[in-house]
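**Q** The structure is given below, and queries will be raised subsequently.
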Amino acid sequence: MTLSNAMTKEDIYPMLVDMLHEMFELDRSKITLDANLYSDLDIDSIDAVDLAVRLKELTGKRMQPEVFKSVRTVQDVVDALAALLGK
């Protein structure tokens with residue numbers, strides 16, 4: 001699975017659901033756009049770093065620290081990825 005510049009937010013979301021399910025064994029039904037990564041999905045700071053590393057591997061681009069720190073919801077991740085991919 002790789003992310004490309006041609007991907008839209010609508011393409012990114014299901015891919016992100018699959019990734020979160022695979023990486024953290026989360027129930028897919030809980031991974032909604034408005035789900036908070038920390039309070040709803042129980043992702044801790046180490047998990048968040050693992051996610052950032054995985055996203056860098058998939059995009060070949062590093063998310064800026066200020067963007068990474070501001071991400072709270074699944075929608076925020078989708079938006080940040082779309083921006084990173086130039087959408």
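Computed from the coordinates by the stated procedures, all read-outs in this text should not be read as laboratory data. These numbers were taken from a predicted model, which means no experiment stands behind them. Every residue, glycine as well, gets a Cβ built from its backbone with ideal geometry; the counts of neighbours run over all protein chains shown.
**Q** Among all lysine pairs in the chain that are eight or more places apart or on different chains, how many have alpha carbons less than 21 angstrom apart?
**A** Step by step, the pairs that qualify in the chain add up to 10.
**Q** On to the next question. Would you compute, from DSSP H runs of 4+ residues alone, the mean residue ellipticity of the chain at 222 nm, taking -39500 (n - 2.57) per run and dividing by the full residue count, rounded to the nearest 500?
**A** So the helix-based figure for the chain works out to -17000 deg cm²/dmol.
**Q** For the pair Gln75/Thr32, report the inter-label distance in nm, with labels modelled 7 Å from Cα in the Cβ direction.
**A** About 1.1 nm, to one decimal.
**Q** Using only Cα atoms, find the angle between the long axis of helix 45-59 and the longest principal axis of the chain, and express it within 0 to 90 degrees, rounded to the nearest 10.
**A** Between helix and principal axis, roughly 30 degrees.
**Q** At R0 = 30 Å, how high is the FRET efficiency between Ser39 and Lys61 if r is their beta carbon distance? Nearest 0.05 is fine.
**A** It comes out at approximately 0.60.
**Q** Quick one: P(r) of the chain from all Cα-Cα pairs, 10 Å bins, percents rounded to integers, in order of increasing distance.
**A** Histogramming the chain at 10 Å steps yields 18, 59, 24, 0 percent.
**Q** Starting from the amide H of Thr73, placed 1.01 Å from N in the peptide plane, find each other amide H under 5 Å away whose residue is 5 or more places distant or on another chain.
**A** HN-HN under 5 Å from Thr73: Leu37.
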